[in-house]
Every structure is written in C-alpha cells, then in structure tokens.
Amino acid sequence: MAWRFKASKYKNAAPIVPKAEACVREISVGSYQTYGNNIAASGAFMAFNWEHTGSSVAVLPLDDCGRKSKTMPLLHGHTDTVTDLKFSPFHDGLLATASQDCLVKIWHIPEKGLEQSLSDPEAVFSHKQRRVETVGFHPTADGLMYSTAAGCVALFDIAAQKEIFSNNEHPEVIQSVSWREDGTVLATSCKDKCLRIFDPRAAGTPIQMQTESHQSIKDSRVVWLGNQTRILTTGFDAARLRQVIIRDIRNFNTPEKTLELDCSTGILMPLFDPDTNMLFLAGKGDTTINYLEITDKDPYLIEGLRHTGEQTKGACLVPKRALKVMEAEVNRVLQLTSNMVIPIMYQVPRKTYRDFHADLYPETMGYKTELIASEWLNGTNQAVPKMNLDPAKREHGDEPIIPRLGPKPFSSNTGDVSFDKVFAVPVAPGSHENISNVGQDNGSDLSTTQAKPDLIVEIEIKKNHEGDTNVTGNGNGNGVQKSLTTSERRKSSADDDESSDKIFEQNSESSENSTEGEDRTDADLRRFSAVRSSIAERRRVYESRSKSQVDEKAQSPVPLRRESSKVEPLKPSQQLMSSNSSNVMPQAAATAATGGIDSKRISVPEGKLMEEHRQQRGNGTTAAAGVGLGGAGLKKSATEAAFSAASTKRTSTVFGKVSKFRHLKGTPGHKSTHIENLRNLSRQIPGECNGFHANHERVAVPLSGPGGKIAIFELSRPGRLADGVIPSLVNGSNIMDFQWDPFDAQRLAVACDDGIVKLWRIDEGGLNEPTNAPLGELTAHLDKIYFIRFHPLAADVLLTASYDMTIKLWDLRTMTEKCTLHGHTDQIFDFAWSPCGKLGATVCKDGKIRIYNPRNADTPILEGNGPVGTRGARITWALEGHYIVCTGFDKVSERQISVYNAQKLTAPLNTASLDVSPSILIPYYDEDSSTLFVTGKGDSTIYCYEITDEEPYICPLSHHRCSTLHQGLSFLTKNHCDVASVEFSKAYRLTNTTIEPLSFTVPRIKSELFQDDLFPPTRITWSATLSADDWFDCNDKAAAKVSLKPEGMDTLSSIQQVPAPVKKPEHSQFASKSEYEISKQQEIQKSVSARMEYTTKLEQDDMEGVDENEWQE
C-alpha cells in the first residue's frame, strides 16, 4: 500500500490570483440558464457572454486586462441568449456559438482580435426550431463540429458546410457532451437521468451503452477522463446533494467512486486536464473553486487547495500551450464573474524558476492534425501528434504557441482551398457574384469560389502585358481572367517581384498614383506586402480608415451582405461605353485601350475611391470609351453603383449617411385612450389574415367561439369594456379574412370558409347588440377563401383569392364577377395592389412571385423566385411601384425581408434576415417616408426599415420594442397623423386584453414649424379616385395629392437662416481710461521696479565645476 502515500507532484499546486489591474474589469455579464460554461478560451483569445441578455459575445486577447468600455467591439450574431461557445483545438481564431435562436454560427476572429463589431458569421447551421444547448469540436478531426438540441446529436462538416450525422434517440434534453481523447466515441448526460456512450459511426443504433446516473433532473455534466476508460459526471442526487461520480465503461452500471459534496444549488462545471489529472469544480453562483486530483486507485479523488473569491458565472481552462511554463504554471482557470474575468494561475512551488521543469509537463496534445471530417466519418482514426512544452525544443522558444490565425485555417495539398472557399457564406440573392470563368477550359483546376473583399472595393483592370499566360481565351482578347483565391494571390506575389505584377498594387503609370507622401496605412493597403499578407490585416487597416462607422448601439438584426465586383462579357451593342459610365475608373478604360489584357485587382478604401471619383467629376475628367476591352467590360459593383448615384434622392446609404427617419420613435398612447378588458379573442384566424383591422372611427376584432363573430369597437369611446356579452357581427361560418372599405369607414367585408363574402354596414354610434343580418352577400367561390383585398383607388372593387387557386375581381355595386386570374399552382399567401392601381403582385407557396395586369390578361405578365419557405409570406409595393418587398421564411425557417426590382424578379436585390420565429412578418409601407414596418403575431418588436433605390436597399432604422406582446397591428391613413407633433405614421395595436394607439414620430428641434422635408404632398387614399366602371373600362386616373400642412403653420424651409449679428469686441477697462491715468500707472510701475534688485546673473554661475581630469578618470 506504499502507493497510497506516494506524494503527487501537483499536490501543492496553489491558486495564485492576480491583482485587479491584471484582470479584465468592468464588463457586463448576466445570469444565464444554459448548459454551457459561458466562457471559452483558445491559445490566443477568450470569449464570453455579454450583457444580461447574453445574445452578444465579447472576444478579447487571452492576455488582455484593464477596464473595458460598454461600447467595445462584440459579436452580434444571435437574437437570443448564447447557450454555449467553443474554440477549435486546431485554429485559435475559429469560434463556434450556439444560441436559443436555434442557430449555430462559426466566426473567424482576426489576428489582432476584434477591432470592430462583427455581425456576419462565416457559416450558419440550423437545428430547425429547436434550441441549441451545446456545441463543440471533435478532438482529432479538423473541421468536424458537434451540437445538440433537445434530444438530437448532430455532426457538421464545416469545410463542406453540411450536416453529416443526426440522431434523435435521446428521449429528453441532452445536458452535456464529452468526447474521448482519441475521438472514437462520446458520452452524453441527459435530462432523463441517464448516461450514454455514443458512437456516431456504429452500424445500427449509435447508443452503445446506457445506465442510470444522478437521480435529479437538474443540470448534469459529463467529462471523459482523457484517453482512459473512465468517465466523470457531476450532478445532484434525489436529496439535491451535489455529487461527483466516476465510472469505468468496462463496468458501466456500477459507479467506481461517488463523492457527495454539499447541498448548494450551483451547477458544478468540471474542468479536467488529462496531462496532470487535475480536476477543477467550479459551481455557478459559488465563490469557491475546488481542486481535486484523480488517481487510478482508491481514494480516486484527492482534494487539493481550494480557491475562494468572487462569485462564479462561468469558468474554463486555458490550453496548455498558452501557459507560462517557465513559472511552473501547470494550469490556468479563467473565472467569469458578473463584472470581471479573473485568470487564476495554479503554480507548483519550486525552489527556482530559472529552468524548465520537465517532470511537471508531460507531452501534451498538439494543435496540428491531418485527419479531416470526411475521413473520420469513413472510419479513419488518427491520434493528434503530441508536442513538447519545453521552450528549448520549440520552434519559437519562449514565444506563445499559436496555431494558424490567418485567412486560411484549413491545410490543403492542392493549394486552391482559400478561406473564402472553406467558409463560403451563401451568396445573397441578387448580390453581385464573382467573376465568371468565361472561356475557360472545363478541366481548369482554378478555384471558382466567390471572392469576399470585406468592404474593400475590388476592381478588375485590364492592363497591357505581353506573354501573359494567366488569361484564358482564344487569343483575341475575348477571355476574362478569373478571380484569384488567397493562395493563388500569395503564390503570384512570391513568383514575381516586379511591382507591375503584384496583386493589390495601384497602377503606377502616372505620378498621381504614387503612394509616396501617403501615410503607411494607405500605402500598405495598396501594396501586397508582408505586413498586409492576410485578409485580417487588410480588413483591420481598412476598417481603421473607413468613413462608414458601425453603430454598435443600433446593430441591425440583419448584417449587410458582402459584395464583390464582377466582370462579364458585353453584348455587341454594349461594347461602346459612354464617357459617363467609364468615369468610375478612368485608368481602366485608358489602360485597356492599349490592346493586351492583363487583369489586375486593385484594392482601395471605399472612402478614398469615392473622393477620387468626386475630384474627377469636379475636374471634368473623362475616359476613353472602352473599345479595347476585347468583348469584356467593367460592370459596376455595389460600391461603384453607389458612386454613380452621387445625387441620391435618399440619405440612407452604405457610406454612413443617416436617414431622416433613422431615430424614429414609437410612443404608445395614454392609458385614457386605450380600450381595455378585451376577452375571448380568437386564436384560430388563418395565417393569411392579419387578424386585426382598424380605420379612423372603429376597429374590428375576431372573437373565439362558434358562429364566426367579429366585435366592433368605437375608437371615440375608449375605456374599460363592461363585463358581459360583447356586441358582435355573427357570420355563421368560420372567418377567413376581413377588411374595412378604405373609402367607407362604415362598411366591413368578411370572407368565410364557405366561399361567401358578407358585407356589413355599421351604423353611426357603433354596434349595440349582436346581429346576423349583413347588408349583402357575395358568393365568390365554391371553396374556402384565403383573403380579400379592396382596390386602393377605385370604389366598389373587391378581390378574392380562394383554395381553388384562382383570384377573382368583383364589382360590389352589381355583385358581379369581372375577371378571373389563373396561374398559381399552390396556396396563395398574399396579394398587393400597386400604388397606381393597375398591377397586382402575389406570393405563392410554390416559391414564386407573380405580377398581374388583371384587365389585360388572366395570367401573370412577370414571374420570379420568392421566399423558399412554405410557412407563409406577405408582399407589398415600394418606391412608387418600382420595387417589391416580400417577407417570408428561408429554408431553415428564418424570417427574412427581400427587396425585388419590379421589372426583374429573377433574384432579390437584397435579403435581410431577422430571426427564427413561427409568426409571419406582416409589412406596412409608408410611401411618403419610404419606411417599412414589419411585425408578427405574438411579437413584441416592430422592426423598422427604410427602403431605398440604391444599395443596400434595406436600411435598418430604430426598432420599436413594446412592453407586451401584440396580436395585430393596423395603420391609419396619412390624413389622420398629427403633423404638428411630427407624427408621420399612426397605428392601433391589439394585445391580449387591450387596443392601444401607437404614434411614430421623428425628433425635431423646431417642432413648432411644419417639417416639409418629412411631409411631402401625399396621395389621397382615403377617398375614391375613380369608380368601378371607370377602372374596369381602363379609364385610369392618378390619385390627387394634398399637402398636410396645417393652416397658420410656417414651414421649415420658409424660415431663412438669419446669421447672428457679430458682436463688437468690448473695450477693456484700460482702454477707456484717460491719458492721465495711464501715465500715472506707468510711473508707479517704474518706481516699484527701481526699488527691486535686478540682475542677469544665474545662481549656477557661482558654482564650482568638475575638473577635466576628474572626468577623464
């Protein structure tokens, strides 16, 4: 039994807590109900949840310290709490985050850390409406990630961006996952109180073993003890005592050791180091961190020194290669508290720390592996090579061991795998793609990945270069050089040292383009030097000089898609370009006219290129027509298109100009204006119905129960509704949709599931008792009706859409059908009239958007691709009918907003993704302000965007967050806005128990003036412009416009800026004195000066100096 008394080398490892100055301080961390540790660390960075919601993640260098600002750069990637986060063991800058919004996102952290907030991940994986609980990486296979959601275990190949394994055999929520060190199997702890051994590659069921574990459903954690056959779990027993259990899989059903600790409620987070067998138990909410050493024999768990300090919110271990081995640091725990990150160093006491103590540091797991996800899935097992921590045996000595952090995190023997290819963000529908490989051979090995310059304008320039073998084509100049990958750029830079052949170098044919005299930042951007050899470095330099700053306080839930320039062949009719079109880059056309083709990519900051463009416009410089382009021309990229629109109509652009409505404010009405005590609201309204409709006099609300009841409430009588029966319209059938007549505030149309539309008229004073006698009935269809829509300009014109996939137009005066529209192959989600009233747009479950001209054809005149999700969609027109806005779902059920050109529906111009929610986004578009309001049933946020005719087309404004959930939202016409209070939109909001007015205003200083820049003449949409006969006879007439300016109110533009009168400088008191007083004052100064001793001799002149001989000695 001598082994029992054998002293351990780590027995006296002591926790050393640094001073507060060496900790990360003044951070904001909340309490999160998750199964994660809330903090993770790699060899270079640490990451942890930020703020009380936990939806953002802070990433800092591992050795960072000091106070942190509330406006520090963050990862804004999720719309709900981040439940877990892990770094890749092979790439210190690769971070995976899992969230309650059902998404897993992959982030690439730049080498210098976050210098600007990121909201655009490298890859996104979805768990389809299931909250993601845990996430992590495989210990031996590069690019293999796992995540769990509910009872599902999923494996993802990051390089291929696809799910390669999924299993749902766990009956309850999986609380923890741990891989064996060799990566063959994993262990899971589940809410059903069972522990399982899981082999994803096994034939048949992947669950190999199963046994009962901790007898409480509270959080249980599992950790595999290195490459041993033993597993350690932490949890609670039936009496809620905290437990630690060790099991051997060779005798899985019988615990090898059970240790009961205390009766605290904190979840124990086990942190295990397989090299030293050191185990740290940090409990959430505890102020102590226990250190135990695990042995192979009884007593199995030996307690070491305990650390007591701040209350723990999360904890993690730092990788061994980041430790200070010359100080005998054997482990480091990062403790996350409510306002600090404390690095706790566990040091083994030694007499001297001058030498490397090899007995404390056995070889540890390295950071390089040759095994990839596909090989592992096919059955290959390969251990990660070990590494020695001795600085004398390391390549860089005492320097920290940091693996690949640059733009190429995956190794490849082919040389054509770039960071963009490995982490290819799906192309945003409608965005500019990369250069197409026109004229290339089918057998070409060049990469065809999309280049993502990250806010760097990349323009392909044709340059004369004889003997260029990089150009493909027939030799006549018809070929177009394909975009280079990161690896190809580096290879090209290494093979050719001439400045004319360097990638990312400014064309220096004239002295104007020389970088001499410019600062280093700009010069480095233009030259592909060693300093700028990575995408992260070039991104950092550009972001430091960019004029378009990110507003961290107003992060949009939708990141702007990255754009790239594009070169494509021109048609013969387009080969002659005008001087205006070539004005974006005059050197391009001038250089291309020399004959040969040598495509070079130039990277310049957007702001600088815009300034050069403006100077060229001011000087009147033009370029020659692009005749010598050889059938290929420059196509404007996203940024160039913004340059060409210098005189923009709207102020919201990608260059940081702020919209007039950027800071719109939503204000609910006073409680005295609410209608309260609503009850029995219907929850069975179809998704195609908005569920709530209001005009300026009354609102209509569907009630639950049989008979299809709709309650009518007068807005002129707010207050608490009396208990008892609510007067309602009894339709006799289930309600499918209802809508007020836009020109008659007393007429309501209700569509029922029996195909009948009932027209009701509400008397003055409102509804006093239930009634089942409508004004008229229209038998529109033989099947259910999806929705109904009134015409926006013509009176008595009603549109109905039915389950029979037809749309019919009716004349309500004669109750006759006028035309029928065909062409839909599935359920019709929505229909919207164009502002002119001539056209209509539909969105369908078959994923198509169709535009109709109902009076000329019964089939669509234009058709394009719409949302791919089948859960529902909405559609509306914008910008005087030139654009279409569609809301819907993508293939992973994420809500999104897409903007289309009404003349070209092949792909959206831009798509903005919001969150994962089952409710359909219902849009309302204010044409005067070009503001889009979107929200869904059961939401509490009204998202606001400005729709523009320039990129990015969707500009986020200040979103309005309500205090309670709403069931519907209905906007009033423009003439009911209080323009004197700068109210540009007014709505009524339906909650579970109330109806509340909601006012949207713009803060202005001179609110006593009429803000004519916010309120242009508006179209009259509250009275009919033409009759039904005129419209069906194609006698179109534009709606009249009226000014909203109240009488006696001055306009803002009429008040001229009167310059403030220049105040004359006041004379000093001495200037106003007489000559006698001045002379008297001078005499006094002279007499005082005469009495004072005056000398120019200094004190050190009398000091004795040092002899010259003494200096020489």
Listed peptides 686-699, 760-773, 159-172 by packing density, highest first (mean Cβ within 10 Å): 686-699, 159-172, 760-773
Of 36, 72, 116, farthest towards positive along the dipole that unit charges on Lys, Arg, Asp, Glu beta carbons give the range 25-148: 36
Under 5 Å, built H, 5+ apart or other chain: amide partners of residue 922: 935, 936
Protection-proxy order for peptides 665-674, 143-152, each taking the mean of Cβ atoms within 10 Å per residue, highest first: 143-152, 665-674
Mean separation of Cα contacts under 8 Å (6+ apart) over length of the range 144-286, as relative contact order %: 13
Relative contact order (percent, whole number), the range 244-385, Cα cutoff 8 Å, 6+ residue spacing: 13
From phi via Karplus (6.51, -1.76, 1.60), per-residue ³J(HN,Hα) for the range 873-880 in Hz, x at Gly/Pro: 7, 9, 9, 7, 9, 8, 6, 6
Other-chain or far-sequence residues with amide H under 5 Å of residue 372's (modelled H): 142
Whole-number D in µm² s⁻¹ for the range 854-905, Kirkwood Cα-pair radius fed into Stokes-Einstein, 10 °C, 1.306 mPa s: 132
With eigenvalues of the C-alpha gyration tensor scaled by 5 and rooted, the range 773-827, Å: 19, 14, 10
Distance from the range 26-57 to the range 818-858 (C-alpha centre basis), Å: 49
Charge dipole (the range 842-914, unit charges on Cβ, about Cα centre) - positive-most of 862, 911, 889: 889
Highest-first arrangement of 258-264, 46-52, 853-859, where packing means the average Cβ count within 10 Å: 46-52, 853-859, 258-264
³J(HN,Hα), Karplus 6.51/-1.76/1.60, whole Hz, each residue of the range 249-254, x for Gly, Pro: 5, 6, 9, 5, 7, 10
Neighbourhood net charge (14 Å Cβ-Cβ; Lys/Arg +1, Asp/Glu -1) for residue 1085: +1
Interchain or long-range residues, amide H under 5 Å from residue 909's placed H: 899, 900, 901
Kirkwood-type radius of the range 45-148, with distances r between different C-alpha atoms, in Å: 13.9
For the range 1-90: lysine pairs under 29 Å (alpha-carbon distance), excluding those fewer than 8 apart on one chain: 7
C-alpha center-to-center spacing [the range 293-330, the range 122-156] in angstrom: 28
Total formal charge among the other residues, if their Cβ is under 13 angstrom from that of residue 28, Lys/Arg +1 and Asp/Glu -1: +3
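A short reminder: the numbers here are calculations on the coordinates, not readings from a lab. Since this is a predicted model, take the numbers as computed values, not measurements. Reconstructed Cβ throughout: ideal geometry from the backbone, glycine too, with neighbour counts over all protein chains shown.
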